[in-house]
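One structure below.
The values are calculated or read from the model by the stated rules, or taken from the named source; none is laboratory data. None of the values given here were measured: they were computed from a predicted structure. No Cβ is skipped: glycine too gets one built from the backbone with ideal geometry, and neighbour counts run over all protein chains shown. Just the protein is used for accessible areas: all its heavy atoms, side chains included, with ligands, DNA and RNA removed. Shrake-Rupley method; radii C 1.70, N 1.55, O 1.52, S 1.80 Å.
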Amino acid sequence: MKNTHFKTWFFYVLMLIAFGVFTYVLFQKGESYRGLNAIKQHVLTSESGFDMFKSSIFHNLLEPASMLLLQIISILLVSRIFGYLFAKIGQPTVIGEILAGIVLGPSLLGYFYPSAFHFLFAANSLGNLYILSQIGLILFMFTIGMELNLNTLKEKIGETYVISHASILIPYFLGMLLAYFVYEEFAASQTTFIPFALFIGISMSITAFPVLARIVQEKGLSKTHLGTIAIASAANDDVTAWCILAAVIAITKTGSFISSLYTILFAVVYVAVMLLVIRPFLKRVGEIYSNSEVLNKSIVAFFLLILILSAFTTQVIGIHALFGAFLAGVVMPQLPHFRKLIIDKIEDVSVTLLLPLFFVFTGLRTEIGLLNTPYLWSICGLFILVAVTGKFAGGAFSARILGETWKDSLSIGVLMNTRGLMELIVLNIGYEMGILPPPIFVMLVIMALVTTFMTTPALSLINHLFPEKDVEQEYITHQAQGIFKALIALGNPENGKNLLNVAKTVLDGTKNSLAVTALHITPGTDTNPIYGEQFSVDSFKAIKEEANILATPLDTAYKVTDNIELGIVKSTNYNNFDFLLVGAGISLSGVPFFKESSIFQNITWLNKIVNSISKQQTFFYPGTLIKDKTRYFIENSNCSVGVFVNRGFTTITSTLVLIQSESDDFLLRYARRLIRNNSEVSISILDINKLAASSEIIRNGIHELRQQYPNEVKVVKASRLSSSVLAKHSFMLISYPTWNILSSSDKKGLENIPSTLIINKKVSRFHTGARNKTVSNLSADSVSDHL
């Protein structure tokens, strides 16, 4: 083996030497041709080698490809930062990305750093950026079309048809009315009245279906009546608005309504062909290639060809390529798995890479400095007022007339007022056609931002004004019925089985009924709603199977949000759970919370950097296990919290209960439950500070437990948490305060812990009152189980 290794490297080194020698000889021979070279030789100058290198670097930087790449890098960096910041305050990331475009435009970067702006976005370098942004829009509109479910629209056609059209017609008319008053001052020198009025009307009536769908998804409304109505209405709105936009573009380009009829006629014929001929054909193709194993590059190329042909056709007809891209997405096979596969291949590139380029192009056209007088800002405010009034009134009052509650009606009105990216697409079309003057374009961009930004706060205000339930009364009712509500927050769905086992064994009481809800949150509101249903099924598959085995009733809840910790705490507090169980062995994003060893373990600053990049919360050394997200749960939840540390968990048998202070007496009640719920459980009590001798509470608690279960309970004669003691147990109960003390003073002892449940005891803010009102209906032992 060693001989073979030596021969390999000897041959490699010999090959390199031979290559160097023969190359040198060849170049020496080539010097004889120097005089025959017709190309002018470089003349040595006084420039140093480094100066020549710098000149070369600057020359390379100014090449079109380099400038394009530099522009893309700048755009992606700024848009990601702004998207992240807005997601942190509960806003759609698209708002941050739009603002990032404005920041990079003449309004901010161009105003404060004009030389940097003109270098980065030189006028002669924007052509390639524009083409890429248009390709991104075409791909984006294709995915939007694929997100529409025509079958759902048919099922909800009655009510949603009225709501969507009312939220189009009312703001459309108000927009045209406003156009009548501002036309002479702002647009008379640039375009005729009819195209201007039609574009102002369409800009007032657009609803951003993708943004609305993500807000509904984040709020957990997808499967509710409100969510279904809102999404279906927005989908109807999108289809109708794009058809109207196609007609408006046709009228504008041809110059009169009569001449536009030919364009509209061809467009109608094309739509009919796509729906009646292409769609059935693609359905058969989709049924054949509906899984990733057979969906090869040739098939993907075929569907992309359909997309490009559709966009090209509508561009030639005169109703814009984006309409063709949208229609191509609509006619794709209505097979969820197939659509997910196609969107997976397209969306990351279109949304993450190319779409921010469009935002910057919008930002380059949005010069807020054009609104340089109070009068112009008052006109901008008037546009916002008309947009909000028309859309909100159209959606809310039509829903109320159709029998929806005031809360749902107002929520529908707010949701339909979301404009976002779809509005920007319409505005840019109007700007490029020369219909929207720059000041009006700026006003409408600001209107799009404001109306999208206000959606989430307005929904929160409506929920505050129309509370769904009396939380305190519900808590009292559950207490009276003997129901103990536990929430299991799933990070990695595969860990759900272990968490349910722990909840069943530790929390199920003999005189109360355990009600378990499993919550799984997908991080990122930019998660495509088309995945929501599949994610909600996959996330709970393992825990549902375990619930059937354990004969434990289980409810499930699925949400999408950018702030996972806040989402879990809100669910815990709003639904008034008695206990929150989270996993520390697996983080909420599915990444391990700890590793047995790490080269960064003792390098604090490097550890933080690695954690922030990998989205891990901490490496496993006990002093920092309960950090960040889990500590956030403990400090902000209104109920007791259990943090389960999975150390090769299989089942609960030999259990160590750690008593460090008098306040740990509640662990003895959990120990009693363990014995009741599992006949194979044995309890070992480790009284570290010998409190049984000085504390009557601890002494009586241990005495009662040993008297009740003499064969299952024993007291460990040890004064510290040693490896030998831990090795005899498969499970450990410890309080959160005790864990914090030991993790600071006895890290070595905690390194060999078995699977552990760390419990922070907290009485619900309603518990005292509820106990007083229900104690007559519950036995003392049942009340202690609740505590």
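Under 18 Å from a point placed 7 Å out from the Cα of Leu169 along the Cα-to-Cβ direction: which residues of segment 403-445 have their backbone N that close?
Those under the cut-off are 403, 413.
Whole number please: convex hull volume per residue of the Cα set in segment 403-450, in Å³?
Value for segment 403-450: 83 Å³ per residue.
Treat each spin label as a single point 7 Å out from the Cα along the C-beta direction, and report the Glu662 to Leu108 distance in nm.
Taking the two extended label points, one gets 5.7 nm.
How large is the convex hull of the C-alpha atoms of segment 626-710 per residue, in Å³?
Roughly 126 Å³ of hull volume per residue.
Going by average Cβ neighbours within 10 Å, how do the peptides 487-500, 187-200, 6-19 rank, with the highest at the top?
Result, highest mean Cβ count within 10 Å first: 487-500, 187-200, 6-19.
For a protection proxy built on the mean count of beta-carbon atoms within 10 angstrom, sort 440-449, 106-115 highest first, please.
Ranked from most to least packed, the peptides come out as 440-449, 106-115.
Taking only protein heavy atoms into account and a 1.4 Å probe, give the accessible area per residue of segment 112-269 in Å².
Accessible area per residue: 43 Å².
Roughly how many nanometres apart are two label points built 7 Å out from the Cα toward the Cβ at Gln28 and Ser722?
Label-label distance for Gln28 and Ser722, simple model: 7.9 nm.
I need the Kirkwood Rh of segment 353-464: take the reciprocal of the average 1/r across all distinct C-alpha pairs and report it in angstrom.
About 15.2 Å, per the Kirkwood formula over Cα pairs.
Taking a 28 Å limit on the Cα-Cα distance, which of the listed pairs Lys283/Lys497; Lys391/Lys570; Lys485/Lys748; Lys340/Lys544; Lys297/Lys497 fall beyond it?
Result: Lys283/Lys497; Lys391/Lys570; Lys485/Lys748; Lys297/Lys497 exceed 28 Å.
Give, as a single signed number, the net charge of other residues whose beta carbon lies under 13 Å from the beta carbon of Leu436, with Lys and Arg counted +1 and Asp and Glu -1.
-1
With a 1.4 Å probe and all protein chains left in place, how much of the accessible area of segment 292-415 comes from carbon and sulfur atoms, in whole percent?
71
Report, to the nearest whole %, how much of the accessible area of segment 66-150 belongs to carbon and sulfur atoms, 1.4 Å probe, protein only.
Carbon and sulfur together cover 75 percent of it.
Using the alpha-carbon centroid of each, what span in Å lies between segment 672-749 and segment 179-206?
77
Using 0.36 nm per residue of separation minus the Cα-Cα distance, give me the extension gain between Leu382 and Leu465 in nm, one decimal.
27.2 nm
Considering only protein heavy atoms and a probe of 1.4 Å, how much of the accessible area of segment 156-274 is carbon and sulfur, as a whole percent?
Carbon with sulfur: 74 percent of the solvent-accessible area.
For a protection proxy built on the mean count of beta-carbon atoms within 10 angstrom, sort 316-326, 127-137, 642-652 highest first, please.
316-326, 642-652, 127-137
Not counting ligands, DNA or RNA, and with a 1.4 Å probe, what is Glu423's accessible surface area in Å² rounded to the nearest 10?
0
Could you work out the per residue convex hull volume over the alpha carbons of segment 265-389, in cubic angstrom?
166
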